[in-house]
Amino acid sequence: MQKIITHLWFDNQAEEAAAFYTSVFDDSRVLEVQRYSAVGPGEAGSVMTVEFELNGQRFIALNGGPGFPFTEAISLYVDCVDQAEVDRYWALLTADGGQEVQCGWLKDRFGLSWQVVPRELIELTADPDREKAARVTQAMLGMVKIDVEALRAAAAG
């Protein structure tokens, strides 16, 4: 059993968000839906929590009301193997009201921040040639969605 589980606070979209996230990522599923009882604090019978898995990683979504909206102080990081994977996740996560931000960051339609990052970015910025790494970093800072070919061009000088 997973010891640490990410818990996400939604106003009233926990079930919709879990369905959306499990449609985006492979090997994902909704595990359990719990409903509020007559004791509350939510309306009796309405969804309280949804437990779900994304690529085997467990999450819990809570319908806790509007008191605590998401901020950029926390984000979910998507490790992408190539540009095609970056493009796929970027398109899916920004669909239907998502927002492109900068440097591989976006907000989905629920306001949750995501980083959609190709592994090659991390490899290039960690290059022992610090001038090459700096050129790659400078290129990345001008991007919204990460462009692997542009990173390679910056690395080449």
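Only the coordinates and a few stated rules stand behind these numbers; no lab work does. These numbers come from a predicted model, not from an experiment. Note that we place each Cβ from the backbone using ideal geometry, even for glycine, and neighbour counts take in every protein chain shown.
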**Prompt:** Once you put a point 7 Å from the Cα of Trp9 and another 7 Å from the Cα of Arg119, both along the Cβ direction, what distance in nm separates them?
**Reply:** 3.6 nm
**Request:** Find the Rg to Rh ratio for region 43-157, where Rh is the Kirkwood radius over alpha-carbon pairs and Rg uses the same atoms.
**Result:** 1.08
**Message:** Of the candidates Thr71, Thr137, Thr49, which one comes out as most mobile in a Gaussian network treatment of the chain with C-alpha springs shorter than 10 Å?
**Reply:** Thr71
**Request:** Express in nm, to one decimal, how much length is gained between Ala91 and Tyr36 on full extension, taking 0.36 nm for each residue of separation and deducting their alpha carbon distance.
**Result:** 16.4 nm
**Request:** State, to one decimal in nm, how far the label point of Asp27 lies from the label point of Asp82, with both points 7 Å from Cα in the Cβ direction.
**Result:** 1.9 nm
**Prompt:** For labels at Glu72 and Asp129 in the simple 7 Å Cα→Cβ model, what's the distance in nm?
**Reply:** 3.1 nm
**Asked** Taking the inverse of the average 1/r across all pairs of different Cα atoms in region 1-69, what Kirkwood radius in Å do you get?
**Response** 12.2 Å
**Asked** What 222 nm value per residue comes from the helices of the chain, counting each DSSP H run with n ≥ 4 as -39,500 (n - 2.57) and dividing by all residues, nearest 500 deg cm²/dmol?
**Response** -9500 deg cm²/dmol
**Asked** Among Tyr77, Tyr36, Tyr21, Tyr89, which comes first, second and so on when ranked by fewest other beta-carbon atoms within 10 Å?
**Response** Tyr77, Tyr36, Tyr89, Tyr21
**Message:** Taking 22 Å as R0, compute the FRET efficiency from the Cβ-Cβ separation of Arg152 and Gln102 and round it to 0.05.
**Reply:** 0.65
